[in-house]
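Right, one structure below, let's go through it.
Values quoted throughout were computed directly from the atomic coordinates according to the rules given, and no laboratory measurement underlies them. It should be emphasised that the depicted structure is a prediction, and the values quoted were computed from it without experimental measurement. Positions of Cβ are backbone-derived with ideal geometry, glycine not excepted, and every protein chain shown enters the neighbour counts.
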Amino acid sequence: MSHQAVTWAVAQTTGTITRKAVLMGLANCHNHHTGRCFPLISRLAKELDCSERTVNRALADLEGFGFIERRHTRNGTQQGVTHYRLAMDNLSSQTDNLSSQTDSLSVSNETDLQEVEQQEETLLPDEPAIEELEPVPSPRPRDELWDALVDSLKNEPETSSERGRWNAALKQLREAGATPREIKTRSEAYRRRYPDAALTPTALASNWGALRTRDPMASTYEKARAAGYT
């Protein structure tokens, strides 16, 4: 971990707490000798208690805003590795004035970036990319109820507290014997019954028993949708 990189990341304004957390995660993995970071997406997602899709979206935003640069390297036939560079001054110069360093280098300036890489190649020996590889973790089994909630609500939690509320609601739904199809139909019933109320996992779980599609309007809606009118 580079204390200089962490100090730099803390001082940045990224626009959202998720982007800031991912930037801090990269800074915690920063190698002050090479100026690079090699964390796996799965590692960042586990440490930040969010989904890999959320991490990827935050990385794309950080790259678009100029906070980081991503590069993919390969070593022969071995699996490639993605490494990241933070938008800091040339860390190999080891100066103490961080503010003057960050003014001297713009990540968006390709010429300056190439000069920094040439200086690093001169001062430091090449590091085989294969040494930075970590075992690829097995994919997590899919949670059909979670996926059904994401599809029905058209979003997913981005903070640990919000994720905790989702998990609590899912526990209630599992105890009630909910199925992915029922989550979809009762989410539609909730929106029809409470058009001015926001649909959340907690609201759906709390009103689960009351959302059984018994009313004539729900039956009419289902028939119309089956006939292709909705």
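Tabulated results
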{"read-out": "By average C-beta atoms within 10 angstrom, highest first, the peptides 53-65, 191-203", "value": "53-65, 191-203"}
{"read-out": "Segment Thr159-Thr73, extension gain: residue separation times 0.36 nm, minus the distance between their alpha carbons", "value": "27.8 nm"}
{"read-out": "Inter-part distance where segment 1-78 and segment 164-191 are each reduced to a Cα centre, Å", "value": "34"}
{"read-out": "Burial ranking of peptide ranges 3-16, 24-37 (average Cβ count within 10 Å, highest at the top)", "value": "24-37, 3-16"}
{"read-out": "Order by protection proxy (mean Cβ within 10 Å, highest first), peptides 164-170, 82-88", "value": "82-88, 164-170"}
{"read-out": "Sorted largest first, extent of segment 1-65 alpha carbons per principal axis (Å)", "value": "30, 23, 19"}
{"read-out": "Cut-off 19 Å, label 7 Å out along Cα→Cβ of Thr202, residues of segment 150-173 by amide N", "value": "150, 153-173"}
